[in-house]
Amino acid sequence: MPPRSIDTTATTTQSSSSISSYNTSSHTNQEKVSSSSSSSSMTYDIQDGTSAGIHSTTTNHPSVDSLDTHGENNSNNINNNNNNHMNHNTHTSSSSSSYSISSCDENGTTLTLIPLDRAPENVFAFTKTHTEEYTQVLKTRSSTVTTTTQVLTTSHGWRNIFNVPISYDITVLPYGTLFDPTNPQLLQSTGIQPEGYNRRFAVIDDQVYTIYGDKIQQYFTRKGIELTVCILPGGEVDKRPTAVHTLLDQLCVYKLRRREPFLAIGGGVLLDIAGMAACLYRRGVPFVRVPTTLLAIVDASVGVKNGVDYCCPVTDETYKNRIGSFYAPTACLLDKAFIATQDSRNISNGFGEILKLALVRSIDLFELLEAHGQALIESKLMPNCTIQDGISDRIIDLSIQIMLEELGPNLWETKLDRCVDYGTYI
């Protein structure tokens, strides 16, 4: 359909005094309206998906020295576009659905949603109407001109609503049983595969593979599974896009299927790299987290954030976690036995994260750390006779629960004032 013509009409409304009338000679040529309100004297009706009706009232108040008893009062109101707005709104609401949803926000925008028949839960035709008023005062030698402009805009379109389902289990395993061949949980976490499909893929931290590589391979061999392994360094300096590229290369060589989960076994850096690759490969494939440090157990394993540092060649600076995604794992398996092979410094780092949670959320957790923290670091959270049974489990369980309570309702970080970031920017 060709665009309709633009119809313009000038309007001037001038007022007179109750004692004596003013000389209301036209000041139209002197009127100026701010650019945000287009023109104070134009009515638009353009067939381009958006129509705007502008209704203007101009009042002249001459100065004292321009009084004249022969003045007159002339007024006119432009409102000749309302029918066009109504027709336009009706056009966008052509669905035969039996109900509509309307709302008005604080900015004065009225929104009407009408569900479409073939997808009433997800796709809606909408109309939006917004009214805004502008006032400008222009002083001349002979008068003061006050221009009030009301701008009415309407638009139509479609809204697609789709809620991404997020559900993943964080499972605490009995101490030291993750790679026990009699425990099926590690293999089960990779999902139900077709009969005869006897291969799996895992990306593993190089230090973890040095210590546990044989056990991991033996576990899958006993299950009749051929395991393909990608070994990556898991230090903080290795948290770079190049590591993600390396993993993506190996996934291509392996030819990972779109619904086939892979395993990520390592600390927080390795889990971040794996999460980024899982998000990117084939627009998203499932992956299973197996954290192997205390810090990763209470932090990286819990949320849905993944990220790597970025070295910008333009600014010649490195930005921490500047490239990242929100992408959830399909499962997370926790075995505290990994902590036994960490050094004291890295265990202390994990307790630092736990202490932060205790300070902002839990007196119970703080008192447990105060009473048993040093002994737990020295024992590497291993069961022993100097610490009451269940203390280390209680501390880790409380930490994970607090973290989940804070992150769970705000997975996409739409709210940035998060208490779990306490101390991050100090």
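By per-residue mean of other Cβ atoms within 10 Å, what is the highest-first order of 188-196, 295-303, 266-274?
Answer by packing, highest mean first, reads 266-274, 295-303, 188-196.
Starting from the Cα of residue 133, step 7 Å along the direction of its Cβ; do the same at residue 377; then give the gap between the two resulting points in nm.
Each label point is offset 7 Å from its Cα along the Cβ direction, giving 6.6 nm.
About its Cα centre, how strong a charge dipole does segment 296-426 have in debye, to the nearest 20, once Lys and Arg get +1 and Asp and Glu get -1 at the Cβ?
200 debye
Can you bin segment 165-342 into rounded, prolate or oblate? Criterion: square roots of the alpha carbon gyration tensor eigenvalues sorted a ≥ b ≥ c, rounded for a/c under 1.5, prolate for a/b above b/c, oblate for the rest.
prolate
Between residue 384 and residue 321, how many nm apart are label points set 7 Å from Cα along the C-beta direction?
3.3 nm
What is the packing order of peptides 312-322, 198-208, 221-231, taking the mean over residues of other C-beta atoms within 10 Å and listing the highest first?
Highest-to-lowest ranking by the protection proxy: 198-208, 221-231, 312-322.
Net charge near residue 151: determine it from the other residues with C-beta under 9 Å of the C-beta of residue 151, scoring Lys and Arg +1 and Asp and Glu -1.
For residues surrounding residue 151, the net value is -2.
Would you calculate the separation in nanometres between label points at residue 283 and residue 404, each defined as 7 Å from the Cα along the Cα-to-beta-carbon direction?
Distance between the two pseudo-spin positions: 3.1 nm.
For segment 165-342, what is the charge dipole size about the Cα centre, in debye to the nearest 20, if Lys and Arg each add +1 at the Cβ and Asp and Glu each add -1 at the Cβ?
600 debye
Quote to one decimal, in nm, the extra length available between residue 102 and residue 415 on full extension: 0.36 nm per residue of separation minus the C-alpha distance between them.
Computed gain between residue 102 and residue 415 is 110.0 nm.
Hey, with R₀ at 35 Å, roughly what FRET efficiency would residue 217 and residue 314 work out to, going by the Cβ-Cβ distance, to 0.05?
0.20
Pairs to check: 128/305; 215/320; 320/415; 128/415; 239/415. Give those whose C-alpha atoms are more than 23 Å from each other in this structure.
Checking Cα-Cα distances, 128/305; 215/320; 128/415; 239/415 exceed 23 Å.
At a 10 angstrom cut-off on C-beta neighbours, averaged per residue, how do the peptides 164-175, 341-352 rank from highest to lowest?
Answer by packing, highest mean first, reads 341-352, 164-175.
Every number in this text was worked out from the coordinates using simple rules, so none of it is lab data. If you're wondering where the values come from, they're calculated on a predicted model, not measured in any experiment. Positions of Cβ are backbone-derived with ideal geometry, glycine not excepted, and every protein chain shown enters the neighbour counts.
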